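Asker: Take a look at the following structure, please.
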């Protein structure tokens, strides 16, 4: 094997290692992930400078000393592989969970808060924004029902006019709808 072939193999080993590390760091914040990748890449370059950088066996030994990409990612706070499969359900359960008597929303919030994938900010937003929307919807319906309650009931007229708080409502049916 020529030195040029070995150089190519050593470089491929480093690229493969860094790609595995990048994949393992997927759950880590992007800026932190780049910082770790740069730091590890620099460590590998330093190690290759001390060794024969073209020797694939030396590079394999160096990469073994650097550590397993999954272990480095776990130390950086990356979620374990396969933990994200339920995380994708959390937003859907939070959005549409109220349809199932609120149980889906509760399940979505539980998945969300136990997941390492979502940031604290994301968790707070996903928990309280749907609740705020429901509260706003409730008070909007109450206001609409109160406005409708002040309108006259059934009449025999083909057209009805109802004035509520300075707003005139007109309906072509025998009922005054707000």
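The numbers here are math on the coordinates, done by the rules we state, and not lab data. Bear in mind that the values here come from a model prediction, so they are computed numbers and not experimental data. Reconstructed Cβ throughout: ideal geometry from the backbone, glycine too, with neighbour counts over all protein chains shown.
Asker: Given Cα pairs under 8 Å that are at least 6 residues apart, what percent is the relative contact order of the range 3-75?
Answerer: 49 percent
Asker: Then there is this: Subtract the Cα-Cα distance of residue 51 and residue 26 from 0.36 nm times their separation in residues, and report this length gain in nm to one decimal.
Answerer: 5.9 nm
Asker: Let me ask you something else. By average Cβ neighbour count within 10 Å, what is the ranking of 16-27, 113-124 from highest down? Display every interim value, and only then the final one.
Answerer: Working: 16-27: 17.4, 113-124: 13.7.
Per-residue mean Cβ counts within 10 Å order the peptides as 16-27, 113-124.
Asker: Still on this structure, please answer the following. Within 10 Å of each residue's Cβ, count the other Cβ atoms and sort 75, 34 from fewest upward.
Answerer: If I rank by nearby Cβ atoms, fewest first, I get 75, 34.
Asker: Expected output is a single nm value to one decimal: the length gained when fully extending between residue 11 and residue 125, i.e. 0.36 nm times separation in residues minus the C-alpha distance. What is it?
Answerer: Going from the current span to full extension adds 36.6 nm.
Asker: Once a ≥ b ≥ c are taken as the square roots of the eigenvalues of the Cα gyration tensor of the range 3-75, is the result rounded (a/c under 1.5), prolate (a/b larger than b/c) or oblate (a/b not larger than b/c)?
Answerer: In terms of gyration-tensor shape, prolate.
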